[in-house]
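Accompanying notes for the structure given below.
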Amino acid sequence: MGAHRDFLAIPDFSAAELRSLFALADRMRRGEYHARPLQGKALAMLFMKSSTRTRVSFEVGAWQLGAHPLFLTPRDVQLGRGEAVNDTARVLDRMVDGIMIRTFAHADVEEFARYAQVPVINGLTDLQHPCQILADVLTMHQHLGGYEGKTVAWIGDGNNMANSWCDAAMQLGFTLRLACPEGYDPDPSILARAQATGRVSLLRDPQEAAQGADVVTTDVWASMGQEEEQAARARAFARFQVDGALMKRANRAAIFLHCLPAHRGEEVSAEVLDGPQSRVWDEAENRLHVQKAVMAVLMGGEPLG
């Protein structure tokens, strides 16, 4: 099917390409983009992990661009019954024009990308959540006028979101302060690569991380598949709730982001999540716009820059 590109992690696009991608997504957000570059195409959406925002945003986005989205769970494909990842990739490759995967092991997405000759998009893995971070940065554009010179404070678990924030800071050049409890750090190689830029720091004190920040962001303390660790995590993260006092440390015009679903009273207080600085609903909507931009580029031939 010719040359193709995948989107498995933020560094798959250069800084200049990311800027073009955000400009395209912003046009889509403002209703200024009316092309249907995926007309007559099909997107396979593989959900080994369930989701609200990922499913709705990819399905609606594909449809708006002219494609037919196929929602596939372990019950619908033979992966759930032990078929090899590379065999599934090679079968889908013959029938669809793009594959979005939301799964556990990042290695599975990489293997799909190796064997499929159509674009593969990472809808989430245990290691990375790049589409969500694109939506978060688009939300910074929308409400802060851009990301240049801005400081983002990540409060909590060094999970797939923290890893993708590291990649974004490395590619785009904003400052990132991570406040994680001991033992809950981001992936060591992703963190080291980002810290080499001099713009990413790992702290143990949420107050220090939030000081003067333009964005304060967090995620649930126990991600999907970690529920049995809930009690231990609740103890480890007790000091890491984003509440009104923590937000007061940030810039007066700072915004609060959360990829959702959120647990009010755990990682974030209700007063912050539902408060005037929260931009979580715009952030959720922006999943639709950035993913449409990614699909238009990778599957529809929309030029970057």
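Observations on the structure shown:
- Efficiency of FRET from Cβ geometry, Val60 and His141, R₀ 25 Å, rounded to 0.05: 0.75
- Principal axes of the stretch 46-151: Cα extent on each, largest first, Å: 47, 30, 25
- With R₀ set to 45 Å, the beta-carbon distance separating Ala16 from Glu229 gives a calculated FRET efficiency near 0.65.
- Approximating the spin labels as points 7 Å out from Cα along Cα→Cβ, the His4-to-Asp76 distance works out to 1.8 nm.
- Projected label distance in nm at Arg94 and Arg27, using a 7 Å step from Cα toward the beta-carbon: 3.7 nm
- When trypsin sites (Lys or Arg not before Pro) are flagged only if DSSP places them in a loop and at most 10 other Cβ atoms lie within 10 Å, the longest unflagged stretch of the chain comes out as 95-251.
- A viscosity of 1.002 mPa s and a temperature of 20 °C, combined with the Kirkwood radius over Cα pairs in Stokes-Einstein, give a translational diffusion coefficient for the stretch 213-258 of 180 µm²/s.
- Our estimate of slack between Leu203 and Arg36, defined as 0.36 nm per intervening residue step minus the Cα-Cα distance, is 55.6 nm.
- Diffusion coefficient of the stretch 132-284 by Stokes-Einstein, Kirkwood radius over Cα pairs, 4 °C, 1.567 mPa s: 86 µm²/s.
- Computed over the chain, relative contact order equals 21 percent, with contacts defined as Cα pairs under 8 Å that lie 6+ residues apart.
- When only Cα pairs below 8 angstrom with a gap of at least 6 residues are kept, the stretch 132-284 shows a relative contact order of 24 percent.
- In this structure, the amide hydrogen of Arg199, modeled 1.01 Å from its nitrogen in the peptide plane, lies closer than 5 angstrom to no residue at least 5 positions away or on a different chain.
- Rg and Dmax of the chain, based on Cα coordinates, read 18.8, 55 Å.
- Dipole magnitude (debye, nearest 20) for the stretch 202-305, charges at Cβ of Lys, Arg, Asp, Glu: 240 debye
Every read-out reported here was derived from the displayed coordinates using simple, explicitly stated rules and does not represent laboratory data. On a predicted model such as this, the values are computed, not experimentally measured, just so you know. Glycine gets a Cβ as well: all are built from the backbone with ideal geometry, and neighbour counts include every protein chain shown.
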